[in-house]
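Beneath this line is the structure, given in structure tokens, with notes to follow.
The values are calculated or read from the model by the stated rules, or taken from the named source; none is laboratory data. Fair warning: this is a prediction, and the values are worked out from it, not measured in the lab. Heads up, the Cβs are rebuilt from the backbone with ideal geometry, glycines too, and the neighbour counts pull from every protein chain shown.
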Amino acid sequence: MSEGLRLMAVHAHPDDESSKGAASTAMYAASGAEVMVVSCTGGERGDVLNPRLQHAPEIERDMPEVRRREMAAAARILGVQHTWLGFVDSGLPEGDPLPPLPHGCFALEPLEVTTEALVRVIRDFRPHVLTTYDENGGYPHPDHIMTHTVSMSAFEAAGDPLAYPHAGPPWQPQKLYYSGFSPQRLRKLHQAMLDAGMESPFLEWIERMSTWPERAIHTHIACSDYFEVRDEALRAHATQVDPDGHWFKIPMDLQHRVHPSEDYELARSLVPVELPEDDLFAGLAPLTELEEVCARPPERDGDGKLLLAHRSQVPPPVEQVEVEQLDGAAGDDAADDDAGREQEEQAS
Ligand SMILES: [Zn+2]
């Protein structure tokens with residue numbers, strides 16, 4: 001049903017694609033769309049979070065290669081294409097005071113450099129729709145925030161014939177979504193588990209998220225048939241997840257019953273939309289015209305910004321969430337750094 005359509009999901013690290021929007025990308029790929037996952041960094045600074053694989057010498061010897069193999073396996077499971085943007089993981093700074101970010105990392109690269117890299121990938125794959133994270137990165141990791149910044153910059157520039165002229169012929173994706181944490185889904189799962197007499201692992205998260213800005217949800221993608229594929233892809237990142245973690249213990253029938261979708265915020269649209277919607281490609285021109293529409297330079301306002309039919313509201317600021325406040329969020333799981341928290345975000 002999605003033949004001929006192309007979706008690009010921009011993520012910060014290998015494993016993010018399997019914890020944020022994974023089931024929907026697998027569903028679109030299975031229904032005939034071409035789906036490209038872009039990993040901005042190689043996840044080089046990730047620790048081994050699977051207790052069973054800790055201190056394995058063959059892993060510690062070459063973590064980047066291990067993560068490349070894990071990513072390839074996850075992409076196969078999801079049925080998506082994959083490319084690396086080629087930047088270096090910034091790591092999650094920890095300590096008081098926070099240490100400076102490491103020299104040469106993704107978050108410190110000049111924006112023109114990272115934007116050009118993503119523009120090149122967009123002009124090559126020619127997606128009709130792009131997904132990324134919101135301006136808080138979904139949670140405050142420097143690479144996630146930079147992934148947002150670069151994606152917004154590339155969305156503006158990709159269709160501009162004057163921008164990065166050596167990075168390929170202009171191509172303008174028509175919509176841009178934020179995928180990420182869905183507090184709504186988490187609250188529903190939490191309540192359903194309590195109602196079923198089960199222990200819920202979510203209470204701490206729900207309390208913590210009450211200080212996060214409440215994001216608008218515009219789009220529910222019914223993709224519960226692919227929740228198992230999502231979990232299998234996440235497990236393929238074997239060094240990054242605890243296969244016995246509580247996220248893998250939420251009964252599948254409960255997930256299907258309580259919240260059988262993944263949720264997106266429509267950040268930018270060049271085409272008029274009716275919200276809420278249930279398809280990332282909703283509102284696009286018919287396929288026969290779509291290629292020509294995306295190849296045409298988009299209309300811009302007097303400041304050179306894209307003329308939008310829809311733009312999501314940035315939620316009012318709430319108290320800044322300190323990275324440290326997230327420590328211990330995983331309870332008794334071996335999730336004491338970046339990717340562990342992202343594993344927690346599987347609920348998004
Ligand atoms: Zn990440």
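Details
- Condition check for A163: within 21 Å of the chain's Cα centre (by Cα), closer than 30 Å to A295 by Cβ and not polar (S, T, N, Q): no
- One residue from R208, R215 being surrounded by fewer than 19 Cβ atoms within 10 Å (Cβ to Cβ) and modelled with pLDDT under 95: R208
- Residue within the stretch 137-155 that is farther than 30 Å from R208 by Cβ and acidic (D, E) present: no
- Lone unmet requirement of (1) in a helix (DSSP H, G or I); (2) touching a Ser or Thr at 6+ places or on another chain (Cβ under 7 Å); (3) touching a residue at least 24 places away in the same chain (Cβ under 8 Å) for E265: (1)
- Failed condition for E58, given (1) of a type in the set (D, E); (2) surrounded by fewer than 14 Cβ atoms within 10 Å (Cβ to Cβ); (3) part of a loop (DSSP other than H, G, I, E, B): (3)
- Residue that is nearest to M152 (Cα to Cα) [pool: residues in the stretch 1-43 that are assigned to a loop (DSSP other than H, G, I, E, B) and within 11 Å of the ligand (Cβ to nearest atom)]: A12
- Matching residues, the stretch 109-155, being away from the ligand (no atom under 16 Å from the Cβ), touching a Pro at 6+ places or on another chain (Cβ under 8 Å) and not basic (K, R): I122, P127, H128, V129, L130, F155
- Test: residue in the stretch 46-66 that is of a type in the set (K, R), more than 16 Å from the ligand (Cβ to nearest atom) and modelled with pLDDT of 95 or more: no
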